[in-house]
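The values are calculated or read from the model by the stated rules, or taken from the named source; none is laboratory data. Here the structure is a predicted model, which is why all the values come from computation and not from measurement. Every residue, glycine as well, gets a Cβ built from its backbone with ideal geometry; the counts of neighbours run over all protein chains shown. The protein model used for the area step is the full one, side chains on, heavy atoms only, and it has no ligands, DNA or RNA in it. Shrake-Rupley method; radii C 1.70, N 1.55, O 1.52, S 1.80 Å.
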There are 2 protein chains.
Amino acid sequence: MTEQKNNRLLILSHNAHKYAKLIADAGLPDLQITPAVTVEKARIVANQQNILLAPPDLAYEILPAMTNLQWLQSTWAGVNKLLGEGCRQDYLLTGVKGVFGPIMSEYVFCYILMHERKALQCYELQKARTWEMPRPGLLRGRTIGIMGVGSIGLAIAQTAKHFNMTTYGYSRSAISKPEIDRMFQPDKILDFVSDLDYLVSVLPQTLNTNHLINSTVLKAMKTDALLINVGRGNVLDEKALIRALNSQDIAGAVLDVFQQEPLPQSHPLWNTKGAIITSHKSALTYPEDITPIFINNYNRFIARQDLQFCIDFEKGY
Amino acid sequence: MTEQKNNRLLILSHNAHKYAKLIADAGLPDLQITPAVTVEKARIVANQQNILLAPPDLAYEILPAMTNLQWLQSTWAGVNKLLGEGCRQDYLLTGVKGVFGPIMSEYVFCYILMHERKALQCYELQKARTWEMPRPGLLRGRTIGIMGVGSIGLAIAQTAKHFNMTTYGYSRSAISKPEIDRMFQPDKILDFVSDLDYLVSVLPQTLNTNHLINSTVLKAMKTDALLINVGRGNVLDEKALIRALNSQDIAGAVLDVFQQEPLPQSHPLWNTKGAIITSHKSALTYPEDITPIFINNYNRFIARQDLQFCIDFEKGY
């Protein structure tokens, strides 16, 4: 005789079995767990489940079949896929916070250090068996500007401080943070960028962030500055960036996110001089990071308390 | 009427004028400063100088002409060039400590982060306009082993701790350091390396360090481990390394130092799979770092006190 559970969790993820094990190990009360690694497998059981744990792209596929859904815990920070016109909004949507900062910091400092040490030039020179390599620079004393000073931006600032850099922050509100040496508000964006060796955007996709980095901003930057976008593609005017790189208004751009993903094969960014392209992998999801957030929210869910990191469907975050 | 100074400093360096300005700005008493950017220019005045500030390679050239030399302040940490058989030892030789740690840490973590993020693979995939890129790893939770836990090794350990790594140290003496989770002595070298994701040597060249990293050590390492040598080339048996890389006993090696430098163009390391070659630039000398050491030692010199970082010609450090 199988005991009937009131809460039925569908885990839809290529890591579904890893998640299922971690969540089962927590021994949560009154919870039946069903892992599915494909949308097809999930579809068979979808209408019996009231909770979904999934990344937004897979959740988007299965949502119409989840006729009894009460709560969706996203495994990603960016949930725009679920906020478009015509998307249902008749359930609780919770996001993820506080886990991506150190991971994204590893990405950002990988490419900042490569830039200072001219690692790709050295790599090409090695292929040509050439001992004479360019003199490397140092992070120490450089200035980094971070757009978006939530938990991710502050984690990047902490690493910058470890390497003895000067940190600038850009934020809509006049807040002050110990990791940030100088804070700038939107009306001072040109002052903000004009001193920077590195401009890093971790901004999410909202109506307020569209093309915030445009040709005016790029022209105000130093010619030896490097732009890094690990937030969302909408923040950057890609055509303006290509012009800026071609006219050497800035030294380079490291892009993990794009207006259209996957970046189309014919897109000029692939071989624009100074552009480094990675495929939206700056902060992957690790089940070890997401499971504690789910567990905490599940305990709140059964106690009928407010969930953590609830997304406002109107605001988009 | 020019006042006669008792101490006459020859600065022999491609940065001689930068050094001369920084030292002149300090207003040191009783000191005449002569900068020379080439050995030829230095030779003209060499016999009138009692103090030399120079890198060991240039110092080696000018030493025979410096008939009144009392003290040589090296601008590098490695002074082996001045310790060979037949080298004069009738002067005070002082080295450099405490400045290269953060600089070398930038090099080490550039290449560790590139390895985790598979940055060179992604770079080649970008050239082929390929969106599908390999899944990156994380530093968090990896284990790094550091051979040589002086100021440079500890700076590397501090950065490792910032990235939430586990740190092992290898040292001849049984010391304990807050940045090092576990310390190993020479009789435990195989235990030391067998757990490591990253093995970093910052060891200097001494009789005790010759081929410390040999085929036995390489075979004891994990097959996905990365070796990084930023110390001295004598520490590594290069032939054993080439065999280890070709048989995939380890995943790769990042080498900034070699048994013979420049690395000969015909050397097999240039295109051994998994080998990354840089040209002894992991810790360049910056006059801003060296000048305070010179100033402090000059004040001790005129006060007839012991100088800092004196090299013992017998021990070699």
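Here is a yes/no grid of residues against (1) within 14 Å of chain B (Cβ to nearest Cβ); (2) without any contact (Cβ under 8 Å) to a residue 60 or more places away in the chain:
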| site | (1), (2) |
| --- | --- |
| A:MET221 | no, yes |
| A:ASN234 | no, yes |
| A:ASP237 | no, yes |
| A:GLY252 | yes, no |
| A:GLN260 | yes, yes |
| A:TRP270 | yes, yes |
(request) For region B:160-167, indicate whether the set of residues that are part of a loop (DSSP other than H, G, I, E, B), more than 30 Å from A:GLU261 (Cβ to Cβ), open to solvent by 50 Å² or more (accessible area, probe 1.4 Å) and in contact with a Gly (Cβ under 9 Å, 6 or more places away or on another chain) is non-empty. (result) no
(message) If I go through region B:272-283 residue by residue, how many of them are free of Cβ contacts under 8 Å to residues at least 40 places away in the same chain and of a type in the set (A, V, I, L, M)?
(response) 2
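Residue under question is B:ASP237, and the condition is that it be under 22 Å from B:SER171 (Cα atoms) and open to solvent by 10 Å² or more (accessible area, probe 1.4 Å); does it hold?
Working: under 22 Å from B:SER171 (Cα atoms): yes; open to solvent by 10 Å² or more (accessible area, probe 1.4 Å): yes.
Spelling it out, B:ASP237 is indeed under 22 Å from B:SER171 (Cα atoms) and open to solvent by 10 Å² or more (accessible area, probe 1.4 Å).
Taking region B:119-157 only, how many residues are in a helix (DSSP H, G or I), open to solvent by 20 Å² or more (accessible area, probe 1.4 Å) and either out of contact with any helix residue (DSSP H, G or I) (no Cβ under 8 Å at 6 or more places or on another chain) or more than 8 Å from every other protein chain (Cβ to nearest Cβ) (or both)?
Pass one, region B:119-157, residues in a helix (DSSP H, G or I): B:119-127, B:151-157.
Now drop any that are not open to solvent by 20 Å² or more (accessible area, probe 1.4 Å), which leaves B:120-121, B:123-125, B:127, B:151-152, B:154.
Next, from what is left, pick out any that are either out of contact with any helix residue (DSSP H, G or I) (no Cβ under 8 Å at 6 or more places or on another chain) or more than 8 Å from every other protein chain (Cβ to nearest Cβ) (or both): B:121, B:124-125, B:151-152, B:154.
Total satisfying the criteria: 6.
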(message) Take A:ILE250 and tell me if it is closer than 30 Å to B:TYR107 by Cα and more than 23 Å from the chain's Cα centre (by Cα).
(response) yes
(request) Could you check, for region A:273-288, whether at least one of its residues is more than 10 Å from every other protein chain (Cβ to nearest Cβ), surrounded by fewer than 20 Cβ atoms within 10 Å (Cβ to Cβ) and over 27 Å from A:ASN15 (Cα atoms)? (result) yes
(request) Could you tell me whether A:LEU212 is within 14 Å of A:LEU241 (Cβ to Cβ), among the aliphatic types (A, V, I, L, M) and open to solvent by 10 Å² or more (accessible area, probe 1.4 Å)? (result) yes
(message) So for region A:255-268 (the condition being crowded, with 16+ Cβ neighbours inside 10 Å, under 30 Å from A:ALA20 (Cα atoms) and of a type in the set (D, E, K, R)), does at least one residue qualify?
(response) yes
(message) Any residue at all in region A:172-194 that's modelled with pLDDT under 95, closer than 16 Å to A:VAL235 by Cα and surrounded by fewer than 23 Cβ atoms within 10 Å (Cβ to Cβ)?
(response) yes
(message) What's the total number of residues in region A:108-118 that are of a type in the set (Lys, Arg) and either open to solvent by 50 Å² or more (accessible area, probe 1.4 Å) or more than 10 Å from chain B (Cβ to nearest Cβ) (or both)?
(response) 1
(request) State all residues of region B:1-37 that are farther than 16 Å from B:GLN73 by Cα and free of Cβ contacts under 8 Å to residues at least 24 places away in the same chain; if no residue qualifies, say none. (result) B:MET1, B:THR2, B:GLU3, B:GLN4, B:HIS17, B:LYS21, B:ALA24, B:ASP25, B:GLY27
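Within region A:91-107, is even one residue of a type in the set (Gly, Ala, Ser) and either over 15 Å from the mean Cα position of the chain (by Cα) or within 11 Å of another protein chain (Cβ to nearest Cβ) (or both)?
The answer is yes; a qualifying residue exists.
Is it fair to say B:ILE62 is in the same structural domain as B:LEU93 (by TED's automatic domain parsing), touching a residue at least 60 places away in the same chain (Cβ under 8 Å) and under 17 Å from B:LEU92 (Cα atoms)? It would help to see each step written out before you state the result.
Details: in the same structural domain as B:LEU93 (by TED's automatic domain parsing): yes; touching a residue at least 60 places away in the same chain (Cβ under 8 Å): no; under 17 Å from B:LEU92 (Cα atoms): yes.
Considered against the rule, which asks whether it is in the same structural domain as B:LEU93 (by TED's automatic domain parsing), touching a residue at least 60 places away in the same chain (Cβ under 8 Å) and under 17 Å from B:LEU92 (Cα atoms), B:ILE62 comes out as no.
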(request) Working carefully through the options B:ILE228, B:ILE242, find the one that is surrounded by 15 or more Cβ atoms within 10 Å (Cβ to Cβ), not in a helix (DSSP H, G or I) and not assigned by TED's automatic domain parsing to the domain that holds B:LEU53. (result) B:ILE228
(message) For A:THR216, only one of the following conditions fails: (1) touching a strand residue (DSSP E or B) at 6+ places or on another chain (Cβ under 9 Å); (2) more than 30 Å from A:PHE313 (Cβ to Cβ). What is its number?
(response) (1)
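Yes/no per residue for (1) part of a loop (DSSP other than H, G, I, E, B); (2) outside the structural domain of B:VAL230 (by TED's automatic domain parsing); (3) under 19 Å from the mean Cα position of the chain (by Cα):
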position	(1), (2), (3)
B:LEU269	no, no, no
B:LYS273	yes, no, no
B:ILE290	no, yes, yes
B:ILE293	no, yes, yes
B:ASN296	no, yes, no
B:LEU307	yes, yes, no
B:GLU314	yes, yes, no
B:TYR317	yes, yes, yes
(request) Could you figure out which of (1) charged (D, E, K, R); (2) part of a loop (DSSP other than H, G, I, E, B); (3) under 13 Å from A:MET147 (Cα atoms) isn't true of A:GLU179? (result) (3)
(request) Name every residue in region B:206-225 that is at pLDDT 95 or above and not in a loop (DSSP other than H, G, I, E, B), in order of residue number. (result) B:ILE213, B:SER215, B:THR216, B:VAL217, B:LEU218, B:LYS219, B:ALA220
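Each row is one residue, and each column tells you yes or no for (1) away from chain A (no Cβ under 14 Å); (2) of a type outside the set (Asp, Glu).
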{"position": "B:GLY231", "(1), (2)": "yes, yes"}
{"position": "B:ASP256", "(1), (2)": "no, no"}
{"position": "B:SER266", "(1), (2)": "no, yes"}
{"position": "B:THR291", "(1), (2)": "yes, yes"}
